[in-house]
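What follows is a short report on a single structure.
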Amino acid sequence: MRAPSTTALLVVDVQNDFCSGGALSVPHGERVVPLINAIQAQYDIIVVTQDWHPADHASFASQHPGRTIFDTVDMPYGPQVLWPDHCVMGSHGAALHEDLDVTRAQLVLRKGSHRGVDSYSALLEADRATRTGLDGWLTSRGVTEVHVCGLATDFCVAWTALDARRFGIAAAVIEEACRAIDLEGSLARAWSEMTAAGVRRLASADILAA
Ligand code: VGL
Ligand code: ZN
């Protein structure tokens with residue numbers, strides 16, 4: 001199925017730190033790469049995102065003395081999970097996986113660069129108010145639907161798909177082209193929220209079928 005030119009593929013955070021051996025490795029994260037490379041051929045509009053944090057980012061447990069990784073703390077904008085230091089701007093961990101094909105990506109969007117605010121979503125930061133600008137980029141190109149893939153299903157993929165719905169953009173997640181962190185039921189919760197918001201599940205076979 002060749003996607004219409006009003007549908008964009010969003011490739012979320014396929015970075016070394018989310019792959020095996022990385023600082024915040026998603027189990028088998030790198031296995032999404034060949035499938036994402038294959039499905040890109042079906043899309044005219046491709047956006048690649050990178051989690052891109054300063055070294056003292058507020059989502060890092062290292063910035064919260066007495067707290068440990070995967071604790072939740074209260075930030076001015078709400079609860080925040082504390083992560084190992086990851087995707088520090090300019091580091092090898094923040095680089096895209098070397099086998100990810102980005103030849104046809106028109107936009108590489110970096111997010112999470114404000115020290116005090118996280119941004120799982122490629123559209124809205126965790127304060128739920130600051131826009132990355134991707135909504136405008138998509139709508140000014142006539143995009144009315146996004147297909148989301150990458151890492152991690154239950155965080156950056158889910159938040160991106162949910163925010164697309166908030167901006168009135170149709171959204172689907174290509175399930176086999178994602179992998180999850182699955183922290184205390186976060187994957188099941190993400191899917192129930194996505195289903196309730198009208199985010200569809202797509203099988204890669206449907207996309208790859210001629
Ligand atoms: C992500 C946790 C922290 C993700 C990014 O890409 O899903 N998860 N930062
Ligand atoms: Zn992050």
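Per-structure values
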item	result
Dipole moment magnitude, nearest 20 debye, the chain about Cα centre, only Lys, Arg, Asp, Glu C-beta charged	540
Radius 9 Å from Cβ of Ala3, net charge of other residues (Lys, Arg +1; Asp, Glu -1)	-1
Shape category assigned to region 117-210 from the gyration tensor of Cα positions, a/c cut at 1.5	oblate
Pairwise FRET efficiency - Glu175 versus Arg2, Cβ, R0 = 22 Å, nearest 0.05	0.65
Rounded if a/c under 1.5, otherwise prolate or oblate - region 64-110, Cα gyration tensor axes	prolate
Per residue Cα convex hull volume in Å³ - calculated over the chain	108
Given the chain, longest segment not containing exposed loop trypsin sites (Lys or Arg not before Pro) (DSSP; at most 12 other Cβ within 10 Å)	3-127
Proxy reagent accessibility, fewest Cβ within 10 Å first, across Tyr120, Tyr43, Tyr77	Tyr77, Tyr43, Tyr120
Rg to Rh, two decimals, where region 1-122 supplies the alpha carbon set and Rh follows Kirkwood	1.02
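All of the numbers you see were taken from the coordinates with simple rules; none came from a lab. It should be emphasised that the depicted structure is a prediction, and the values quoted were computed from it without experimental measurement. Heads up, the Cβs are rebuilt from the backbone with ideal geometry, glycines too, and the neighbour counts pull from every protein chain shown.
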